[in-house]
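Shown next, in structure tokens, is the structure this report addresses.
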Amino acid sequence: MITKEQLLSEIEDLLRTMPDRATIRHYIAENEAWLGRASSLIQSWSMPNYTTYLIASQKFRSSDAREAQRALSEMIAIIHQARHDLIMNTTGPLSVSISQGRPFDYFDEIRKIISAATNEVFFIDPYLDAEFIDQYLPHIKPHVRIRLLSGTARKKTFVPAIKLYIEQEPNPIEVRLSKAGMHDRYIFVDGSFCYHSGASFKDGTRKSPTTLSQITDASSALKAIYEKQWSEASSIDDAV
């Protein structure tokens with residue numbers, strides 16, 4: 001019998017490998033395999049939730065495109081619920097310490113977080129730059145919304161680079177620069193998961209050891225703070 005730890009690992013991989021939402025209804029082998037795997041994993045996690053998932057999956061198959069997208073969102077929400085429940089009942093919230101001089105280990109932890117996003121990734125870091133774009137954004141699935149909130153210290157290099165990236169990428173990307181004081185670095189994933197980085201995303205552990213921690217109890221309050229800062233920040237066109 002599969003353990004909770006194994007099931008958590010499978011569900012996290014399921015989210016990372018989810019097909020593009022724009023083409024997931026196409027009858028191709030990759031989509032069918034993913035949908036079958038998702039159904040099996042939810043069934044292994046919780047029979048009551050599997051019943052709800054099964055109803056949503058039937059709507060996803062038989063309804064018009066708009067209704068199918070709503071059903072898919074419900075299916076994904078249940079998968080996220082399973083992930084969160086298994087995290088809380090096995091490993092607990094993510095908390096890792098990464099030694100200085102281990103930049104790949106830091107990068108890989110961030111990659112795992114953002115590649116599991118199915119709806120939105122929201123980065124907050126006062127020192128985003130061109131190097132950050134190349135390091136992280138290609139690992140976010142196509143059509144997942146990306147929001148970047150940064151300061152103005154490195155806008156001369158960051159803004160031209162992100163504008164070029166926006167021109168060629170399928171993801172809806174919004175960028176704002178804040179003149180308000182920004183000190184911490186956070187990632188919000190799908191509006192449900194919040195992670196704090198002790199180091200800037202671009203530097204990782206190059207300069208010093210750092211920690212990467214999942215925030216649970218205060219995540220809603222933190223998101224409200226940064227949503228307000230986002231609403232008050234300038235667009236990149238206004239900031240240059």
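What to note about this one:
- Selected from GLN58, GLN135, GLN43 as most flexible by GNM, with the chain as the system and alpha-carbon contacts under 10 Å: GLN58
- Computed FRET value (nearest 0.05) for ASN31 with MET88, which takes r as the C-beta separation and R₀ as 25 Å: 0.25
- Too-long pairs where the Cα-Cα distance tops 31 Å, listed order kept, from LYS59/LYS228; LYS59/LYS202; LYS141/LYS202; LYS59/LYS163; LYS4/LYS228: LYS59/LYS228; LYS59/LYS202; LYS59/LYS163; LYS4/LYS228
- A Förster distance of 35 Å, applied to the separation of the beta-carbon atoms of SER97 and ASP134, puts the FRET efficiency at 0.85.
- Dimensions (Å) - the stretch 95-239, Cα atoms, principal axes, largest first: 38, 30, 30
- Burial ordering of TRP34, TRP45, fewest other beta-carbon atoms within 10 Å first: TRP34, TRP45
- Adding -39500 (n - 2.57) for every DSSP H run of four residues or longer, then dividing by how many residues the chain holds, sets the calculated 222 nm ellipticity at -16500 deg cm²/dmol.
- Dividing the convex hull volume of the alpha carbon atoms of the stretch 166-240 by its residue count gives 134 Å³ per residue.
- For LYS223, the lysines whose Cα falls under 20 Å of its own Cα, not counting residues fewer than eight places away in the same chain, are LYS179.
- In this calculation the C-beta distance from ALA221 to ASP13 is compared with R0 = 30 Å, giving a FRET efficiency of 0.45.
- Each DSSP beta bridge with both residues in the chain is either parallel or antiparallel, and the antiparallel ones are about 65%.
The numbers here are math on the coordinates, done by the rules we state, and not lab data. All values reported here derive from a predicted model rather than from experimental measurement. Because the Cβ atoms are built from the backbone with ideal geometry, glycine has one as well, and the counts that use them run over all protein chains shown.
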